[in-house]
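The structure appears below as structure tokens.
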Amino acid sequence: MEWFRFKIVLVVVLAFAIAKLPTPSEGANLHRMVVSYGSLGGAHAPLWLAKEAQLFERQGLDVSLVYIPSSFQPVMGLLSGSTQFMNYSALPSLEAYLRGADTVLIASAADRVEHHLVVHPSITNVKDLRGKTIGIGSLGSLIDVVLREGLRLSGISDKEVSIIPVGESVGRITSLQRGKIQGTAISGAHLLVAQKSGFKTLIDFNKLPIEVSTSSIVSTRSYVSNNTDTAVKFLKAWLEGLFMFRANRELGIKTLKKYTRMENDEVIEAVYNQYRDVNKTTAKPSVSVVKSMHQLLSVMRPQTKTANPEGFADLSLFNEIETSGFFEQMNRQYAKNQ
């Protein structure tokens, strides 16, 4: 555990300067940690906002954010101790848990998949996808699993198409434009960019009966057990970020612009409006959603079918925060702009 000194300077000016007022300690210790997030979409805006508004510092935390767009690298970061929390889909960490890893789900702000399968305008129905190539970020990722299930629910097998890893959303849109792929699954600002470029939605995954924790907070059980107070503080700062994102449009949009690196005001406004509704301030992890994710994984990874998902979601930290009156305080503080 590393600590560093955060210097606080308090200057008190008294008219007669007879005596010096007692000052706080020369420095205040902030608990340092690294937190990863998995995309440049609005699902992670509350985390970014908590950083920008210094909500972590108010809880006594010095949080460094790192962007890791891969699917399993964030999990490996947790298991190696390089990161302490991840804000990502819970699917890869659930798979790791089912294989014996120490991962644990402690909060979830969204349980629906906001991605759309966008395709070339010449593709008019799902059957037209046969023989076509669909680009995704990485194989084995949340979108890989959801895409295959979405195709099945829409009446076509994933074996009738070619699904290839292309990388980040910007690169996938470029590949669409150049005809290297005929479809891709994207969300948020990049979805709007694709639509404005003439591509159209073929499948809206949000409308399918698929429940997945898409904006979750995951850690390891060993870290949470050994640092319970710190974990609670981190959750409180992130949860306040959810409230603040809903309440402060100006700051929310400014934060989105900074982290998504998109300057189009119309697109950013649309992304803000979308995720203002998508991200729940009541971010309690759901056991039923964990079971839904397990079912999805069982189709893709038959070896996980007999594994028991019970225990992956830990509600103890969330229950502690609830009983402390934190949510009542947040509702009072941000009620005017909700």
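The values are calculated or read from the model by the stated rules, or taken from the named source; none is laboratory data. Nothing here was measured: the structure is a model prediction, and the numbers come from that model. Backbone-built Cβ (ideal geometry, glycine too); neighbour counts: all protein chains shown.
Just one of the listed residues (Leu98, Leu78, Leu94, Leu105) is closer than 30 Å to Arg249 by Cβ and either among the aliphatic types (A, V, I, L, M) or free of Cβ contacts under 8 Å to residues at least 40 places away in the same chain (or both), namely Leu105. Taking residues in the range 149-164 that are small (Gly, Ala, Ser), and partners anywhere that are at pLDDT 95 or above, the pairs with Cβ atoms closer than 6 Å and at least 6 places apart or on different chains are Ser162/Thr133.
Test Glu95 against the stated conditions and say whether it is under 22 Å from Val35 (Cα atoms) and either acidic (Asp, Glu) or at pLDDT below 90 (or both). Taking the combined requirement at face value, the residue satisfies it.
Mind checking which residues of the range 55-76 are assigned to a helix (DSSP H, G or I), more than 28 Å from Met244 (Cα to Cα) and not aliphatic (A, V, I, L, M)? Gln73, the sole residue that qualifies.
State which residue is modelled with the lowest pLDDT when the search covers only the range 56-88 and only residues that are surrounded by fewer than 22 Cβ atoms within 10 Å (Cβ to Cβ) and among the hydrophobic types (A, V, I, L, M, F, W, C). Selected residue: Phe72.
Residue check: Ala45 meets all listed conditions (1) surrounded by fewer than 20 Cβ atoms within 10 Å (Cβ to Cβ); (2) touching a Leu at 6+ places or on another chain (Cβ under 8 Å) but one, namely (1).
Look at Val126 and say whether it is modelled with pLDDT of 90 or more, surrounded by 18 or more Cβ atoms within 10 Å (Cβ to Cβ) and assigned by TED's automatic domain parsing to the domain that holds Val287. In short, no.
Would you check which residues across the range 132-158 are of a type in the set (A, V, I, L, M, F, W, C), surrounded by 21 or more Cβ atoms within 10 Å (Cβ to Cβ) and out of contact with any Gly (no Cβ under 7 Å at 6 or more places or on another chain) and list them?
Narrowing the range 132-158 to residues of a type in the set (A, V, I, L, M, F, W, C): 134, 136, 139, 142-143, 145-147, 151, 153, 156.
Keeping just the survivors that are surrounded by 21 or more Cβ atoms within 10 Å (Cβ to Cβ) gives 134, 136, 142-143, 145-147, 151.
Scanning the range 132-158 gives Ile136, Leu142, Val145, Val146, Leu147, Leu151.
Of all the criteria given as (1) surrounded by fewer than 18 Cβ atoms within 10 Å (Cβ to Cβ); (2) closer than 26 Å to Thr281 by Cα, the one not satisfied by Leu192 is (1).
Residue-level check: of (1) surrounded by 20 or more Cβ atoms within 10 Å (Cβ to Cβ); (2) within 24 Å of Leu47 (Cα to Cα); (3) at pLDDT 90 or above, Val161 misses just (2).
If only residues of the range 201-238 that are surrounded by fewer than 16 Cβ atoms within 10 Å (Cβ to Cβ) and either over 15 Å from Val146 (Cα atoms) or small (Gly, Ala, Ser) (or both) are counted, the one that is modelled with the lowest pLDDT is Thr201.
Out of the residues in the range 123-180 that are among the polar types (S, T, N, Q) and not in a helix (DSSP H, G or I), state the one that is farthest from Arg261 (Cα to Cα).
Taking the range 123-180 and keeping what is among the polar types (S, T, N, Q), we get 124-125, 133, 138, 141, 154, 157, 162, 169, 174-175, 177.
Cutting the leftovers down to not in a helix (DSSP H, G or I) gives us 124-125, 133, 138, 141, 154, 157, 162.
Details: Thr124: 32, Asn125: 33, Thr133: 28, Ser138: 22, Ser141: 23, Ser154: 34, Ser157: 36, Ser162: 31 Å.
If we take residues in the range 123-180 being among the polar types (S, T, N, Q) and not in a helix (DSSP H, G or I), then Ser157 is farthest from Arg261 (Cα to Cα).
Considering only residues in the range 307-338 that are hydroxyl-bearing (Ser, Thr, Tyr) and more than 21 Å from the chain's Cα centre (by Cα), the one that is modelled with the lowest pLDDT turns out to be Tyr334. Residues of the range 316-338 that are under 24 Å from Val218 (Cβ atoms) and in a helix (DSSP H, G or I): Ser316, Leu317, Phe318, Asn319, Glu320, Ile321, Glu322, Thr323, Phe326, Phe327, Met330. If only residues of the range 281-306 that are exposed (fewer than 15 other Cβ atoms within 10 Å of the Cβ) and in contact (Cβ under 8 Å) with a residue 40 or more places away in the chain are counted, the one that is nearest to the chain's Cα centre (by Cα) is Thr282.
If only one of Ala231, Ala189 is outside the structural domain of Asp102 (by TED's automatic domain parsing), touching a Leu at 6+ places or on another chain (Cβ under 9 Å) and within 20 Å of Asn87 (Cα to Cα), which one is it? Reasoning before the result, please.
Working: Ala231 fails: outside the structural domain of Asp102 (by TED's automatic domain parsing).
Sole residue among the options that is outside the structural domain of Asp102 (by TED's automatic domain parsing), touching a Leu at 6+ places or on another chain (Cβ under 9 Å) and within 20 Å of Asn87 (Cα to Cα): Ala189.
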